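**Student:** Before we start, here is the structure in question, set down as structure tokens.
No value in this document is a laboratory result; all are computed from the given coordinates. Note that the structure is a prediction, hence the values are computed from the model and not measured. FYI the Cβ positions are ideal-geometry reconstructions off the backbone, even for glycines, and counts take in every protein chain you see.
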Amino acid sequence: MKTVGVYFHLHESYLDKAALDLDGIESYIQNENTFTVHADGYRPNIKLQVSETDFETALLILQKLREEEE
């Protein structure tokens, strides 16, 4: 599994997961039930992961999604 996104908020990871699902890419949210606080503050810890074979395609889908949001 390779990470295609790292998030502060769980709902953001679900939105990206849904976008990948629509294109037939299976993904997994790691650390879904955790929230990490470090000495210097909060850090993103929720990770969206896909298989290595879907990695490049997933990155392109998420990049296109970001461009549409702008």
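**Student:** Between ASN31 and ASN45, how many nm apart are label points set 7 Å from Cα along the C-beta direction?
**Tutor:** 0.7
**Student:** Let me ask something else about it. Would you be so kind as to identify which of VAL50, PHE8, LEU65 lies farthest towards the positive end of the dipole of the chain, taking Lys and Arg as +1 and Asp and Glu as -1 on Cβ and the Cα centre as origin?
**Tutor:** Farthest towards the positive end: PHE8.
**Student:** Something else: If you fit an axis through the alpha-carbon atoms of helix 10-22 and take the longest principal axis of the Cα set of the chain, what angle between them do you get, 0 to 90°, nearest 10?
**Tutor:** It is inclined by approximately 10 degrees.
**Student:** Also, I was wondering about something else. Along Cα→Cβ, 7 Å out, is where each label goes; now give me the distance between the ones at HIS11 and GLU67 in nm to one decimal.
**Tutor:** It is 2.7 nm.
**Student:** Work out Dmax and Rg for the chain from the C-alpha atoms and quote the Rg first, both in angstrom.
**Tutor:** Reported Rg and Dmax, both Å: 12.5, 39.
**Student:** Let me ask something else about it. Would you calculate, for the chain, the mean residue ellipticity at 222 nm contributed by helices, counting each DSSP H stretch of 4 or more residues as -39,500 (n - 2.57) and dividing by all residues, to the nearest 500?
**Tutor:** -13000 deg cm²/dmol
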